[in-house]
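For reference, the structure is listed below as structure tokens.
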Amino acid sequence: MRVLGIETSCDETGVAIFDDQHGLMAHAVYSQVDIHAEYGGVVPELASRDHIRKTLPLIRQVLAEAHLDAGEIDGVAYTAGPGLIGALLVGSAIGRSLAWGWQVPAIGVHHMEGHLLAPLLEEPAPELPFIALLVSGGHTQLVDVTEIGRYRILGESLDDAAGEAFDKTAKLLELPYPGGPELAKLAERGDPQRFRFPRPMTDRPGLDFSFSGLKTFALNTLNTALADETDPSRTRADVARAFEEAVVDTLVIKCRRALRETGRKRLILAGGVSANRRLRERMTAAIAAEGGETFYPPPSLCTDNGAMIAFTGYQRLRAGQHEPLIFKPRARWSM
Ligand code: KG4
Ligand code: ZN
């Protein structure tokens, strides 16, 4: 079975083809970063318009790369939510129409399930069951995964997602959009000893998160230090480092707790923030020290992409699920 996947939930147009014999046959991602950079964040209307321009050419491109004709696709998967509604409508309408024209089943995929299953595209793939830490711009969730399609949310952020906290703090530090990776780069030059940020909600039981206080803490620390500092660029790097350490530490503490409480031995990380190098180093070491194993998606599949949607769509179609002609993209959708 061969599935075309289309991702248009935010500011990346992703298209890919997954084949159950050959794995990922082709995948392409077009990032809209340059379009949104001058506004300091994603402009939904511009995102939708650009997805319209890019989706069909990317579909043509991956079909050509995989040396396939349209008639050789057995199903079309598209991101049905959550995300920006206008952006979702583009991928959904194109995906649904192609499936109808090609007379193959279509399946609307949950974006976060896509992220969650992306580590299964890497070799060696983790065996089930496992705990998943989903850390993206819109979500921070700990999920107990007993089988594909069976997800129990163990904890989630009560306010900002981890990626959102990275992006907002990056803005305070006057870093360009997209802030997360820029902040991580700046943090490499920072002194981890100079400032100490809190580790929110780690001193009480439970697996929920709260990251919004960290950006306020960063703002206050920055203002106080900049007031009597001669080297503001060093201060910015030190604040970035302290912020990153706090987020990483908090995520590590909660993941360790989730494994202990459930007795699971495998942890997977997924979503944009799972590309963070410091997080990977610290998490892998901490989980190994407890006798557990940590898995990640390939770096190119941490952030939004079509491969995870094609793969998730394949899993759904294989399980005999697809949807009627009437479809409904959802801006908000719990997994
Ligand atoms: O999964 P994703 O591409 O889109 C959503 O579904 O939200 O995640 C994007 C988020 C952004 O907040 C971005 O700043 C963050 O992931 N991110 C990072 C890094 N790379 C991406 N955060 C910290 N360090 C990174 N290296
Ligand atoms: Zn995402």
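The values are calculated or read from the model by the stated rules, or taken from the named source; none is laboratory data. None of the values given here were measured: they were computed from a predicted structure. Neighbour counts are summed over all protein chains in view; Cβ atoms, including those assigned to glycine, are modelled from backbone coordinates with ideal geometry.
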Subset tally (residues that are in a strand (DSSP E or B) and more than 15 Å from ligand 2 (Cβ to nearest atom)) for the range 1-14 = 3
With respect to I148, is the statement that it is away from ligand 1 (no atom under 16 Å from the Cβ), in contact (Cβ under 8 Å) with a residue 40 or more places away in the chain and either buried (at least 18 other Cβ atoms within 10 Å of the Cβ) or among the basic types (K, R) (or both) true?
-> no
Across the range 129-150, which residue is farthest from the chain's Cα centre (by Cα) among those that are within 16 Å of ligand 2 (Cβ to nearest atom) and assigned to a strand (DSSP E or B)?
-> V143
Note on the range 36-49: residues in a helix (DSSP H, G or I) and either in contact with a strand residue (DSSP E or B) (Cβ under 7 Å, 6 or more places away or on another chain) or without any contact (Cβ under 8 Å) to a residue 24 or more places away in the chain (or both) are L46, R49
Does any residue in the range 106-128 that is part of a strand (DSSP E or B) come within less than 8 Å, Cβ to Cβ, of a residue that is at pLDDT below 95 and within 16 Å of ligand 1 (Cβ to nearest atom) six or more places away or on a different chain, and which pairs are these?
-> G108/P329; H110/W333; H110/M335
Within the range 65-74, can you find the residues that are surrounded by 13 or more Cβ atoms within 10 Å (Cβ to Cβ) and part of a helix (DSSP H, G or I)?
-> E65, A70, E72
From A242, A275, A307, A285, residue being within 16 Å of ligand 2 (Cβ to nearest atom) and over 18 Å from P178 (Cα atoms) | A307
Of a type in the set (A, V, I, L, M) and either surrounded by fewer than 23 Cβ atoms within 10 Å (Cβ to Cβ) or away from ligand 1 (no atom under 16 Å from the Cβ) (or both) - does that describe any residue in the range 109-116?
-> no
Just one of A70, A99, A93 is out of contact with any Asp or Glu (no Cβ under 8 Å at 6 or more places or on another chain), away from ligand 2 (no atom under 16 Å from the Cβ), hydrophobic (A, V, I, L, M, F, W, C) and modelled with pLDDT under 95; which is it?
-> A70
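Results for (1) in contact (Cβ under 8 Å) with a residue 12 or more places away in the chain; (2) touching a strand residue (DSSP E or B) at 6+ places or on another chain (Cβ under 7 Å), shown as yes or no for each residue.
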site	(1), (2)
P232	no, no
V273	yes, yes
R282	yes, no
I309	yes, yes
Just wondering, is there one or more residues in the range 198-215 that are at positive phi, surrounded by 12 or more Cβ atoms within 10 Å (Cβ to Cβ), assigned to a loop (DSSP other than H, G, I, E, B) and aliphatic (A, V, I, L, M)?
-> yes
For the range 75-105, enumerate the residues that are without any contact (Cβ under 8 Å) to a residue 60 or more places away in the chain and not polar (S, T, N, Q).
-> G86, A93, A99, G101, W102, V104
Answer with yes or no whether V62 is more than 15 Å from ligand 1 (Cβ to nearest atom) and assigned to a strand (DSSP E or B).
-> no
In the range 252-297, anything of a type in the set (A, V, I, L, M, F, W, C), over 18 Å from D144 (Cβ atoms) and within 14 Å of ligand 1 (Cβ to nearest atom) is listed as V273, A275, L279
D167, sole failed condition from (1) in contact with a Phe, Trp or Tyr (Cβ under 8 Å, 6 or more places away or on another chain); (2) away from ligand 1 (no atom under 13 Å from the Cβ); (3) more than 28 Å from Q315 (Cα to Cα) | (2)
Listed residues T230, T221; which is of a type in the set (S, T, Y), crowded, with 18+ Cβ neighbours inside 10 Å and either part of a helix (DSSP H, G or I) or away from ligand 1 (no atom under 13 Å from the Cβ) (or both)?
-> T221
Picking from R257, R264, R236, which residue would you name as being farther than 26 Å from Q21 by Cα, in contact with a Gly (Cβ under 9 Å, 6 or more places away or on another chain), part of a loop (DSSP other than H, G, I, E, B) and at pLDDT 95 or above?
-> R264
Select from the range 75-105 the residues that are of a type outside the set (F, W, Y), assigned to a helix (DSSP H, G or I) and farther than 22 Å from W333 by Cα and write down the one among them that is farthest from the chain's Cα centre (by Cα).
-> G101
